[in-house]
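Input: a single structure, listed below in structure tokens.
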Amino acid sequence: MKINLTIRLFYIRKWLLIPIMRTFIFLFCTSIFSFTPNNVCSQNVRIIVSEDTLLSVNEVFDIIDRQTDYKFLYHADLFKNVPKVRLKKGTILANRLLQLSLASGNFSNVLTKNNTIVIKPKGQQVQRLISGTVSDNLGVPMSGATVIIKGTGTGTTTDFNGNYSLAVPDAQNVLIFSFLGFANQEIIVGNKTTINVTLKEELSKLDEVTINAGYYTVSERERTGNISKIEAHTIEKQPVANPLAAMQGRMTGVQITQNTGVAGGNYKVLIRGQNSLRLFDANANHPLYIVDGVPFSSSSLGFAETSGQIYTQGISPLTMINPNVIASIEVLKDADATAIYGSRGANGVVLITTKKGNQGKTTFDVNFYSSLGKISNTMAVLNTEQYLEMRHEGLTNDGSTPQPSDYDLTQWDQNRHTNWQEKLIGGTAETNNIQMTFSGGDATTNFLMSGSHRNETSVFPGDYKDNRTTALLKVNHASEDKRISLSGSAHYSSKNTNLPTIDLTSLAVTLPPNAPELYTAEGELNWENSTWTNPLSFLNRGYTAKSNTLIGNASFNYYVTKSFDAKVDVGYTILSYKAIAKTPKSSFNPALEQSVINSTYFSSREETSWVFEPQLHWKKYLGKGKINLLIGASFQSQGSTGLAQLGRGFSNEHLMEDIKSASNVYVTSNSDTQYRYQALFGRFNYNYKGTYLLNVTGRRDGSSRFGAGKRWANFGAVGAAWVFSNEKVIKSKWHFLDYGKLRASYGITGNDKIGDYGYLDSYTSSSTYLGVNTLIPARLSNPLFAWEENKKFELGMSLSVCKNALNVEANYYSNTSSNQLVGITLPGAAGFTSVNGNLPATLRNSGYELAATSTLINKANFGWIASLNLTIPQSKLLAFPNIESSTYDYFYEIGKPLELRKVYTSEGVDPSTGIYQFKDTDSSGTLDIKDRKGVLVGQDFYGGFSNNIQYKGFQFDIHVQFVKQHGNAIENSISSVPGFSSNQPTHVLNRWQSIGEDSSVQRFTGNFSPAAIAFYNWMSSESSIVDTSFLRFKNISLTYTFSEFLVQDLGLKSAKLFVRGTNIFTLTSYKGLDPETSSSGMVLPPLKSITTGIALTF
Amino acid sequence: MKSKIVKKISCVILAFVCMSCSDFIVVDSPKTELVKATVFENDDTANAAVLGLYNQMRTSGFASGDLMSVSFVCGLASDELLNYSINPSISQELEQFNKNNLIAANTIIESLWNQSYNFVYQSNAILEGLENESSKVSEEIQSQLTGEAKFIRAFCHFYLVNLFGDVPLVLTTHWDENKKIQRTPSEIVYEQIITDLQESIAILGDNYSHSNDEKVRINKKASQALLARVYLFTNNWISAEQEATHIIDSGIYNLETFENSFLKNNNEAIWQLSSDYGNSSEAYTYFSSGLPANAAFTSELWAAFEIEDQRKTHWVNSSTDGTSQYYFPYKYKAITPQPITEYTTILRLAELYLIRAEARAKQEKLTEALQDVNAIRARAGLIALGSLSKDQLIEAILQEKRVEFFTEWGHRWLDLKRRNVVDDYMQVVKPNSWQTAAQLFPIPESQLTNSASTSNSQNPGY
């Protein structure tokens, strides 16, 4: 039977569509069969007949068609032999006219939805009209779904609202419902007239992986942006205190460097390189951290006054987050993924999502582990004999003799030897960590409650502890019809530290080996007649810090219709930090007793922020495509207060933590800043057949950090992906290919990471003079600076072959940042050393990323997954007008990478003088800045290699991190001239000793001789740049899971035993303590630790 | 139904847009800050800005008397002190001063430079604030504050030009211009110093009523005292004598007993820096009970005192490690922070006698010059000098200044350089390490690297 289709265009009202899209027109098709009787038109629809006339039935229907909303559907030849109809001038009811026209024949007519009247000859087989709605598992109607009567090829597609109707000849017929990307469903018609169908998505492995992209989620298969992810099972296997540590070496494009081995120390995090030229601001290149939807501070906790010497690079705020409650960490990297975060996405976005409760039976998990850690490496330094030889030789070389102030030669025992590294940093750090988690729920509500306590001691001599207690509460609820859903979580964390005030590592390496005893025979600190500062005196200076963090968020979601929902996210964070650093009299040489008094720094900082984000989300299946639309706004406010006070003159050391016991109290710093931030953002996503994907995001941002007129800016990105493995041609030819996707994205993000109020010319209070509170200028102001721009481009390809045995993702990225927002460093003569401003510089970070995961063995009892990730970053300063007249000439060169040090060209040791020589490049006769050239000091490539092997109950994981890089030589960390009264690494023994000798190390010198100056120049020469590459067995873990039978009797659901090793072994040619922390100077290296533990589920 | 939803959506979108236009992101100026224009809208806050400058000067470094102060490092650089510091973070840098082998990256050099220019900036900011049309500061206070700011600008430039040679002369707060400023020839810097001081003298009063009768703010006499010194340094003998006479004859100041001469607000002091925190740092800097804490006298300085010199007993202390005797300055005695008895003294009357003596000697007024030197010697319990030739007298004045002003404000270092005898003396004390070029400190590396206009102009020898 031939089907006559009436096609109608549906114009959605313009004023609704403008904010959505201008050019999209929706089409839908219907086809109808019918049989029921008369009176199909509404009772009072009338037709106007302009003159008496004689018309064919076809012509009559044309008139009705023109004058009403009704359409007709019939076989073209149906009225061939039907007599004409006579009409009189006037009006006539449409129904009446219809009856008249069809009176002569044996016809049946029926009105279907859409006002279509179907006419057919009577007496044919009785057909039944089946109608219904096709929707997805969330109840969103699917337009364009196909409904076919099995075995006939006859069928229809659903309309805009997912509705269909179809005439079915027989109750025995089977309807097939299908939609691309969804599993087909077959239903027998039977005596039903309404068949509503819910199609289930056809899930491949890639689809099961849901990626959190911040304001929306996307499947791994269909993502257009670059997002890396690690999940709980990876994080849990690492006994680390900081989530950043768990990410190290596991993601492409994410470079994480540990600054120090001191518990709580900071990390340097660069996502796809350094975008900003800010030289001395550690925060400038930090990514944006979002914990459960709430922006989390990236700026260091702590205060210079109280924690400055032990945490030279600050305290990591993320140390407040318990890694074991994290369900996943996603890192957004390219423009497509980050542009929805607009002004703050330039450095990438790190999304941390905490675990949520499971449905089903309530479970109780206990996890306990305990580790022992030591410094991962010690340095070979001179022994007393070698040291004294160096000292004497140095003085002799200078033609001088030991002076009374050369205590190591004139006052101290010449035969003593102490291994200071063992004494001062050779201890064992113990860590105990216990975590308990309750989780449970049903179809509508689930909850999770988790508490943990961690306590870590240090390798320093003495009783130091770093304790952390955390609690997480999470509740999710959805109404039965899923229309309303609510979720809320609170993560609380409290940390107590009482570390010494300084990191003793530098002293441990540089103290002369014959330095005096630490204690006198009476057990008092030994000051050896005031000839040294006893290192343990620093341990008498207590530093205690208490930090508390609360991250709370609530989310409310309401489905207005099945395809349209409104959501409100509200978040609140509070970070507080209180520290006390005591300098008691007893920590000084008693000889100075008269002149020192007990003093204590009290500092406190509090950062509170809230965020309010209303969002609207609309989802639509159209034809073979799917549209996702998101529009939202973000309001954020962050307040920060800080107060540091110095109390002096405590009468007793026991009262030193009581500020009111001080005879004088001075406020040394006080700050109160406000940061406000507002944005309007949107996303349009079009997914055609799961094969062609388009993602458009945009954001308009305003930030209070800029002066009037500079506050607002627009950011946006376009991402597109083509899942070419869905193409028939490829499917039929390349059977081995399970999945293949090409992606590209381009967009602009920004950066406003610069101090608050930089535009404001103002004064701030200082301490008193003449009893009057004084005012000093707060900063150099510049009202003109504005947003930094970062243009990101990316090309990527994902492949999955041989039944997902090998998954590969390769990307190329190129980010160009311009309008550099920096604290422009100024010469001292300007009065201040920096001012906020925009630099005209343009720089590019590009690179290649490769991640591959291979399932080598996949059997029930034996599995082996290996994965590798590799990043090859490159950076280049593209343009910098007038760099030579700027303060940056000293650090950068146009056309060269950013990781540059300008250094002298070494010409080795002069055999006749024994002193380092350097090339006077410009032949000016003096060695100055003009003689320096840029040499690369950054990372050439980095990555990680992991193996997860499972055999029966055993799970073995090994993770290797590797970095190929250049950095500063150990001499730059020691920063003392060989021959001076500071110990040196043993390789200085290769020094020049006599005229004519060829040597790599210059002669020793005991004074500020030309040789000493040459050594300082050497520290600024190419010789001081060495290979600091390393390959580190970062994490090795062996877990045994007891079989269910064994543990059932004990009332357990599961039981696991594990042994883990961290930083077990490092391969490097670097001569210092640790290649990773070498850029931080002489700091405690990351600890090597062995952990054992047990995990039980009840 | 559908149109209802549509309406709802549009309402929400509209609401977003409206909110976007709001002033949500405009924040008030922080509660801890005062906008510059407001500062100079009233007497009290303008006054507080000037006090802020004094307060910053005494806090640390430059004028504080601590290890990073002009007094200490010039003592090391000249023939006064030997470095004994064991403070690991600073001893090697101090050693560079002591061996006259500085490197441009020395952080003490950098901090002296940056601090001085920060004070210059603050002075300029105050001057600009007071000159601004919106300033509502009363006329009397405006003169007072302007005079003080001009003095401090001159004072900082004076030390900069003496320690570093030609230095950028900075007279505005515009960082965009100041970053490009070149090293200005010393003569021009001196001209500006003189102009600033003269203007300050013209508008300042003679008493200390503006500082609660404490000598911790600049008055006319302090300006004249510095101007007398500047004239001496620029070989303007007549004016130097005149300015010195203004002060000596004013009757406001008298030479004090040794016990009192560094006490707060003593009769000899012309300008001191007070501290609400505790005693000044000098006593603590040198204090020692065994081996020297940070520095001790060179044998040459110890030998420079005549046997009867009272200053040797009152202003010098000693300690011993059992075998050797170490001498250290004991002008300031208060090593405990409280109670506050001593202030850092920057200008005191004795200097004016010696300035005038030298100025007079240069003008061949030998008898009068001798009287001035003998006034200082008399207090020291030394016999009056008899008649001397002009050169002998000038030599005697230098000697007198050496033992009167040791470890104070780099007098010795500046005098040796000014009189071109630095090589003669330094070769005696440091035969191995002294080089003529070392008489100027290097321009700090950060200044050179951060300013294209000075990058090529390091002092010779560095």
Against the conditions (1) within 30 Å of A:GLY647 (Cα to Cα); (2) buried (at least 18 other Cβ atoms within 10 Å of the Cβ); (3) at pLDDT 90 or above, where does B:ASN265 fall short? Just the number, please. (2)
Being modelled with pLDDT under 75 and part of a loop (DSSP other than H, G, I, E, B), is that true of even one residue in region A:57-72? no
Does A:SER537 count as small (Gly, Ala, Ser), in contact with a strand residue (DSSP E or B) (Cβ under 9 Å, 6 or more places away or on another chain) and either closer than 17 Å to B:ILE86 by Cα or not in a strand (DSSP E or B) (or both)? yes
So, A:VAL291, is that one modelled with pLDDT of 90 or more, of a type in the set (A, V, I, L, M) and either surrounded by fewer than 24 Cβ atoms within 10 Å (Cβ to Cβ) or farther than 17 Å from A:LYS268 by Cα (or both) or not? yes
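Working carefully through the options A:LYS710, A:LYS753, A:LYS741, find the one that is touching a strand residue (DSSP E or B) at 6+ places or on another chain (Cβ under 8 Å), modelled with pLDDT under 85 and more than 10 Å from chain B (Cβ to nearest Cβ).
Answer to the selection: A:LYS753.
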Within region A:906-931, which residues are modelled with pLDDT of 90 or more and under 42 Å from the mean Cα position of the chain (by Cα)? A:SER906
Mind telling me which of the residues A:LYS624, A:LYS582 ends up being touching a Leu at 6+ places or on another chain (Cβ under 6 Å), more than 30 Å from A:TYR677 (Cα to Cα), crowded, with 17+ Cβ neighbours inside 10 Å and more than 14 Å from chain B (Cβ to nearest Cβ)? A:LYS624
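Quick one: in region A:593-605, of everything that is assigned to a helix (DSSP H, G or I) and at the interface with chain B (Cβ under 7 Å from one of its Cβ atoms), which residue is surrounded by the fewest Cβ atoms within 10 Å (Cβ to Cβ)?
Among those that are assigned to a helix (DSSP H, G or I) and at the interface with chain B (Cβ under 7 Å from one of its Cβ atoms), it is A:GLN594.
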Looking at A:ARG250 and the list (1) of a type outside the set (A, V, I, L, M, F, W, C); (2) under 30 Å from A:THR312 (Cβ atoms); (3) at pLDDT below 80, which single condition is not satisfied? (3)
Please go through region A:504-531 and give me each residue that is on the phi < 0 side of the Ramachandran plot, part of a loop (DSSP other than H, G, I, E, B) and within 13 Å of chain B (Cβ to nearest Cβ), ordered by number. A:LEU504, A:LEU511, A:PRO512, A:ALA515, A:PRO516, A:TRP527, A:THR531
Inspect region B:203-219 for any residue being over 25 Å from A:TYR763 (Cβ atoms), touching a residue at least 12 places away in the same chain (Cβ under 8 Å) and not in a loop (DSSP other than H, G, I, E, B) and give the result as yes or no. no
Members of region B:72-92 that are more than 10 Å from chain A (Cβ to nearest Cβ), farther than 16 Å from B:TYR284 by Cα, of a type outside the set (Gly, Ala, Ser) and in a helix (DSSP H, G or I): B:CYS74, B:LEU76
Out of curiosity, is A:ASN526 in contact with a strand residue (DSSP E or B) (Cβ under 7 Å, 6 or more places away or on another chain), touching a residue at least 60 places away in the same chain (Cβ under 8 Å) and surrounded by fewer than 20 Cβ atoms within 10 Å (Cβ to Cβ)? no
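Taking the conditions exactly as written (under 29 Å from B:LEU226 (Cβ atoms) and either more than 14 Å from chain A (Cβ to nearest Cβ) or in contact with a Cys (Cβ under 9 Å, 6 or more places away or on another chain) (or both)), does B:ALA437 satisfy them or not?
When the stated conditions are applied, B:ALA437 does not pass them.
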Cβ-Cβ under 6 Å, sequence separation 6+ or interchain: first residue in region B:33-52 and within 7 Å of another protein chain (Cβ to nearest Cβ), partner aliphatic (A, V, I, L, M) and surrounded by fewer than 18 Cβ atoms within 10 Å (Cβ to Cβ). Which pairs? B:LEU51/A:VAL772
Could you check region A:832-885 and list, in sequence order, the residues that are without any contact (Cβ under 8 Å) to a residue 24 or more places away in the chain and of a type in the set (Gly, Ala, Ser)? A:ALA860, A:SER885
Let me spell it out: the conditions are (1) at pLDDT 95 or above; (2) closer than 30 Å to B:GLU364 by Cα; (3) of a type outside the set (D, E, K, R), and B:SER250 meets all of them except one. Which number is the exception? (1)
When you scan region A:579-591, how many residues do you find that are over 30 Å from A:ASN548 (Cα atoms) and touching a residue at least 60 places away in the same chain (Cβ under 8 Å)? 5
Please go through region A:757-786 and pick out each residue that is facing chain B (nearest Cβ under 7 Å), assigned to a loop (DSSP other than H, G, I, E, B) and on the phi < 0 side of the Ramachandran plot. A:LEU760, A:ASP761, A:ALA778, A:LEU780
Of the listed residues (B:GLU95, B:GLU177), the one being in a helix (DSSP H, G or I), under 30 Å from B:GLN427 (Cβ atoms) and acidic (Asp, Glu) is B:GLU95
A:SER906 vs (1) free of Cβ contacts under 8 Å to residues at least 24 places away in the same chain; (2) in contact with an Asp or Glu (Cβ under 6 Å, 6 or more places away or on another chain); (3) among the small types (Gly, Ala, Ser): all pass except (1)
Which strands (runs of 3 or more DSSP E) sit wholly inside region A:921-1024 and have at least 2 residues that are farther than 30 Å from B:SER453 by Cβ and of a type in the set (S, T, N, Q)? A:939-951, A:954-968
Looking only at residues in region B:53-71 that are in a helix (DSSP H, G or I) and more than 12 Å from chain A (Cβ to nearest Cβ), which one is surrounded by the most Cβ atoms within 10 Å (Cβ to Cβ)? B:SER71
Criterion first (surrounded by fewer than 21 Cβ atoms within 10 Å (Cβ to Cβ), more than 21 Å from the chain's Cα centre (by Cα) and over 24 Å from B:ALA283 (Cβ atoms)) does B:GLN325 satisfy it? no
Might you check whether a residue that is over 30 Å from A:ASN529 (Cα atoms) and away from chain A (no Cβ under 12 Å) occurs anywhere in region B:118-130? yes
Out of region A:858-884, which residues are under 24 Å from the mean Cα position of the chain (by Cα) and β-branched (Val, Ile, Thr)? A:THR871, A:ILE872
Extreme residue, farthest from A:ALA720 (Cα to Cα), among residues of region A:643-684 that are touching a residue at least 60 places away in the same chain (Cβ under 8 Å) and more than 13 Å from chain B (Cβ to nearest Cβ): A:GLU653
Would you point out which residue out of A:VAL835, A:VAL822, A:VAL903 is within 14 Å of chain B (Cβ to nearest Cβ), in a strand (DSSP E or B) and over 34 Å from the mean Cα position of the chain (by Cα)? A:VAL903
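The values are calculated or read from the model by the stated rules, or taken from the named source; none is laboratory data. Note that the structure is a prediction, hence the values are computed from the model and not measured. Note that we place each Cβ from the backbone using ideal geometry, even for glycine, and neighbour counts take in every protein chain shown.
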